[in-house]
Amino acid sequence: MYHPHYVIRSIEQNIKNTGNPLGLSRSQINTWWEGWEGWKKVGEKDTMLFTGLLYQLTPYVDKLVDYLYKFENTFLEKVTRFMPKSPLGILLKPQKEAEHFNGIVRKIADSLIKSGIDFCYKPELDFYSGVLLYDMGDDEGFTEHSLFVAEKLREKGIKKLITIDPHTTYVLRELYPEYANAEFEVKNYLEILDFKSKKENENITLTLHDPCYYGRYLEISDESRRILDSLGIEYKDIRNSGKLTSCCGGPIESISPKLTKEVAENRYDELSKTGCEIATMCPICLVNLRKFGEIKDISEIIWGAVNA
Amino acid sequence: MREEDIYKAIKNRSIRAGILRTWENLHNAVEQNIERYRFLKEYAKDVKMAKLEVFSDYDRWTEKAMKSIESRNKCSVYYAEDGKEARKIVAEIVGRDKIIVKAKSMVSEEIQLREFLQEIGNEVWETDLGELIVQLANEKPMHVLAPAIHYSERQAAELLRKVGVKGYTAAELAEGVRKFMRQKFLLADVGISGCNAFSAKTGRIFLVENEGNIRLSTTLPKDYIAIVSIDKILPSDELCLKLVILQAAFLGTFPPAYINVNEPVEGQRMHVIFLNNGRKQAPEFLKEQLTCIKCGRCQIECPIFQITGSLWGNVYGGPMGMGWSGILGEIGYECFLSSLCGKCKEVCPMEIDMPRIIRELRKMMVRGNNLGEV
Ligand code: SF4
């Protein structure tokens, strides 16, 4: 178990220095839009695609957690406490994975365009939401960060946000009004994608792993199914889905990556019993579950069906 | 919680096997109960409201509860502020060199009563089959209602051989234990139980079970001690009955085989000890946890608990255990092992917002810089 004190302090420090919990520079993480074709199609709007950087950060987090996993419960666990603040830039270069996750963000943005949704993207206004600080019970750190983010967005006249992962959606929609006094209209991309088509059967059957925040906190599990229905993609739900979905173990990976791995394995076993292709809709679930077999992000499947 | 327990749990795969097996056996039954007996939801609301009302004025209700039974013949009533005081009272009643039969009771785990009574020179037997297995293994219960959930039949058989019970199948073992226990019941000087619900109106103690051993432990011995933690006090018999029905329905065993309603009877001395142990002093955010009826559903459905069992936690493990540890003043940084996924809240009959409680505990630790050395 990594000591929560150490974990919280380093997340707090990193967020203060760089705006994200890993302490990486923004130019290193947020690159998905470089060379993006859709760039021409988005303009000056008050609706902004707000990725919250979670997809982009996840490959780095995953690399780091790999190290933490190896060191957990060994003498090296304590050594990690004295590591320089941000050795990650040098240590972790998950090039291929970063490209994969950037690709997911690009596919989501492309699908939004395809669906006829008007929005803008401003990399300099796309910030990490601060969710980890909130989860860890560091309300002070979270409040400070959320005030900073909200102010930046307000300054530039942003009123509506399109989010792409469950954690950022929850934090911006449910917590920012309370902690940052910021009432943005927050829509998750799965709530607004609408291809207005009734497609023929795509010949895939999925089993969906609903993120806990879509299933319970936000209660929007039906949205992904609505989109799949319109694309003619079938799915076979298991008991532990929707409101009863089970966690992938991700949220405790900074405290006990070993326990996270066991939880994820259990969940993967359960999902794979249907024999169908498994799809997730959260970057954290994706990296945790794919350690045991093939998993796709639902946005990749949607994109594939729309562009087929 | 000791940190190494988590790694012990990860290695011990029979914990997850047992919990998942129980989950698979019971979750359909629970869902059917909820579907079929629509009144359960209403019962839960009534009980929760009544409990919150009792907590809003613990002193008055405890006094009322104590009075309701004090006036009875053959009954002594005590009040214990904490575990230490409760143990002292029990020691004075019991003395030493006695045979004691115990009904399964989490509150007695909370104050480590069995170990204490053994230390002062008594022979103590857990009469619930699962609890007896845990006693023989010298472990703590792995789940509030299914203490030996992590033992296979073969492992259970091995442990039971320590007390001369023979056999291999569940039926053979149950029969063997029944014979063994019958003799203890007949010889026992003292019976001890906890309490699922206490009626402040009539002074009756409600206990629900499936094996029948609670009935025997509490009726056969000459002295009967009931430990009633004050969160068990409810205003009426009706509410107590609602609570025991809920507890059974939400574990999946409904209708329960036995509902015991205990009160002082001729030929037996009854001793009722009301126990506070942190409940009155619980901060506002923990009040909701006190409405818990300890059905253990949040444990079985929790993805972390499914790996660790109650090794994650102190007396009570899992999501509800975090809140209870807060009440008992023994929360440590195990509360950072919850993923806050919210499944516990979703399945809890009392709709207790455990993720909120766990985050509040974290906040308390972060704020108070109460995270220990770095
Ligand atoms: S917290 Fe709820 S689900 Fe868990 S044991 Fe208590 S009543 Fe049952």
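The values are calculated or read from the model by the stated rules, or taken from the named source; none is laboratory data. Since the structure is predicted, the reported quantities are computational estimates derived from the model, not experimental observations. All Cβ positions, glycine included, derive from the backbone under ideal geometry; neighbour counts span all protein chains shown. What goes into the accessible areas is simple: the full protein's heavy atoms, side chains included, and nothing from ligands, DNA or RNA. Shrake-Rupley method; radii C 1.70, N 1.55, O 1.52, S 1.80 Å.
General remarks:
- Counting, for every residue in A:1-8, the Cβ atoms of other protein chains within 10 Å of its Cβ and taking the mean gives 6.
- Unmatched cysteines, chain B - criterion: no other Cβ of a Cys under 4.7 angstrom: B:75, B:195, B:240, B:292, B:295, B:302, B:335, B:348
- Peptide A:262-273 shows a mean partner chain C-beta count of 3 within 10 Å per residue C-beta.
- Average silhouette area of region A:4-192, convex hull of alpha-carbon atoms, in square nanometres: 10.7 nm²
- Within a Gaussian network of chain A (alpha carbon springs, distance under 10 Å), most fluctuating of A:116, A:157, A:35: A:35
- Percent of beta bridges antiparallel (DSSP, chain B, rounded to nearest 5): 25 percent
- Set of lysines near residue A:236 by C-alpha distance (under 27 Å), chain-local residues within fewer than 8 positions excluded: A:107, A:114, A:187, A:196, A:198, A:199, A:261, A:273, A:291, A:296, B:343, B:345
- Buried surface between chains A and B: roughly 3400 Å² of accessible area, summed over both sides, computed with a 1.4 Å probe on protein heavy atoms only.
- Average beta-carbon neighbours from other chains, 10 Å sphere, peptide B:339-349: 6
- Total lysine pairs in region B:158-283 at Cα distances under 19 Å, for residues eight or more apart or on different chains: 9.
- Take the Kirkwood radius over Cα pairs of chain B, plug it into Stokes-Einstein at 20 °C and 1.002 mPa s, and you get 102 µm²/s for translational diffusion.
- Heavy-atom accessible surface of residue A:145, to the nearest 10 Å², is about 10 Å², with a 1.4 Å probe and all protein chains retained.
- Proximity of backbone amide H atoms, modeled 1.01 Å from N, is registered between residue B:192 and B:101, B:102, B:103, B:225 at under 5 Å, excluding neighbours fewer than 5 places apart on the same chain.
- GNM flexibility winner over chain A from A:194, A:269, A:110 (Cα, springs under 10 Å): A:269
- For region A:1-24 and region A:206-264, distance of Cα centres in Å: 27 Å
- Ligands, DNA and RNA left out, the accessible area of the protein assembly as shown computed with a 1.4 Å probe is 50% carbon and sulfur.
- In the full protein context, the protein assembly as shown carries 40 Å² of accessible surface per residue, based on a 1.4 Å probe and ignoring ligands, DNA and RNA.
- Taking the centroid of alpha carbons for each part, region B:70-102 and region B:246-315 are 20 Å apart.
- Gaussian network model of chain B, springs between alpha carbon atoms under 10 Å - residue of B:337, B:40, B:129 with greatest fluctuation: B:337
- Ordered by solvent-accessible area of protein heavy atoms (1.4 Å probe), largest first, the residues A:217, A:268 come out as A:217, A:268.
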